[in-house]
Every structure is written in structure tokens, then in C-alpha cells.
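Chemist: This is the structure I want to talk about, given as C-alpha cells.
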Amino acid sequence: LASQLIRNFDGAPMEYLVREPLYDGQFARLAAGTVARKLGASIDVLAPGKCGCPYHFHHAQEEMFVLLEGSGTLRVAGENLPIRAGDVIFIPAGPDYPHQIINTSSAALKYLSISTRESPEIVEYPDSGKYLATAQGRDGTAFDVIQRAAPSLDYWDGEP
């Protein structure tokens, strides 16, 4: 039971994501395998000069970031705000707060990411014009589609 209720992020196995030139970081998903159903959590470590993810906003999900080590910049709603260890960032759902964490320092930036796990969810990426649609089925299967806006199909397309 303890392993489903308690997770120590210092011992969590880290995964690496490198996509030059902007993205280089490590992360560990913390909620997977726990009793959490509506919360997501991860520990993230960004290399100097790198971003955590593309500039985006969620239509349903709220996020919170707790800066543990280092400093950087929060790109949010068209502004660049300085962030540092000890800061707690709150990002509500909706188009008013597109966001991205950037390590603008010369040392690693470590933070805890916490989010609601709303489903279905639509995520928009203003820099690239992409949309991500996700949903979790009752049977546990996931639906994920990412694409750019394009002419929609007719409602009746392919229907008998």
C-alpha cells in the first residue's frame, strides 16, 4: 500500500528528452502506479538554456509548478517573468495563460509539476498552430490526436 500512496522523487527513475536545439531535460512521472486518479505529478530538470515543453495552454487542465532549484523564465501570456527556487506558479485552464518554462540560467533548473488530469482535454500550441485532443475511455484506452487546424470533415462523413 505504501508504494501506491508515497512516492519519493529523488529515487524516481528519470527519462531523458532531447530535441535540439530547444529541448533538453529529464523527467520522472510520479503519479503513475499510485492511487491518484485526478492528479498528475512529475519532477522535471532542465539543462541550461533549454525549454521544458512547447508554448501551450490547456482548455481543461490546471497546472502548478514548484521551483526547487535554479532560476529561469516563465513565458506566459506574452510576457517573460523571472522565476527562481521557492516560487510556486499557478496556471489556470484557458487561452489567457499560454505558458512555457525556460531555463535561462547557466545551471540546472529543477521543478515539481502538478496538474489536474481532466479528460477530455484540448491543448493548443500558439507558436506552431497545433492542437492536441485527448480522452480516456471507460475501458482505460486513450485517444490522442495532434494536428494543425484544417478543414473539418462533414458531420455525416463515413456514416451509414
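Chemist: Which number in (1) under 22 Å from Ala93 (Cα atoms); (2) modelled with pLDDT of 85 or more marks the one condition that Ala149 misses?
Modeler: The number of the failed condition is (2).
Chemist: Restricting to the range 124-147, name every residue that is part of a strand (DSSP E or B) and either surrounded by 13 or more Cβ atoms within 10 Å (Cβ to Cβ) or in contact (Cβ under 8 Å) with a residue 60 or more places away in the chain (or both).
Modeler: Result: Glu124, Tyr125, Lys130, Tyr131, Leu132, Ala133, Thr134, Ala135, Gln136.
Chemist: Would you be able to tell me the number of residues in the range 74-117 that are among the hydroxyl-bearing types (Ser, Thr, Tyr) and either free of Cβ contacts under 8 Å to residues at least 12 places away in the same chain or outside any strand (DSSP E or B) (or both)?
Modeler: 4
Chemist: Something else: Please pick out the residue among Glu79, Glu121, Glu159 that is open to solvent by less than 40 Å² (accessible area, probe 1.4 Å) and among the charged types (D, E, K, R).
Modeler: Glu121
Chemist: Here is a follow-up. Can you report the number of residues in the range 82-101 which are open to solvent by 30 Å² or more (accessible area, probe 1.4 Å), among the aliphatic types (A, V, I, L, M) and in contact with a Ser or Thr (Cβ under 8 Å, 6 or more places away or on another chain)?
Modeler: 1
Chemist: In this structure, does Ala150 turn out to be surrounded by 14 or more Cβ atoms within 10 Å (Cβ to Cβ), small (Gly, Ala, Ser) and in a loop (DSSP other than H, G, I, E, B)?
Modeler: Here the answer is no, as Ala150 does not meet what is asked.
Chemist: Right, next: Answer yes or no as to whether Ser106 is open to solvent by 50 Å² or more (accessible area, probe 1.4 Å) and either touching a helix residue (DSSP H, G or I) at 6+ places or on another chain (Cβ under 8 Å) or under 24 Å from Met14 (Cα atoms) (or both).
Modeler: yes
Chemist: Condition first: of a type in the set (D, E, K, R) and either under 21 Å from Ile114 (Cβ atoms) or assigned to a loop (DSSP other than H, G, I, E, B) (or both). Now tell me which residues in the range 1-52 satisfy that.
Modeler: Hits for the range 1-52 are Arg7, Asp10, Glu15, Glu20, Arg29, Arg37, Lys38, Asp44, Lys50.
The values are calculated or read from the model by the stated rules, or taken from the named source; none is laboratory data. Please read these numbers as outputs of a predicted model, since none were measured by experiment. Backbone-built Cβ (ideal geometry, glycine too); neighbour counts: all protein chains shown. The accessibility values were calculated without ligands, DNA or RNA, using every heavy atom of the protein model including side chains. Shrake-Rupley method; radii C 1.70, N 1.55, O 1.52, S 1.80 Å.
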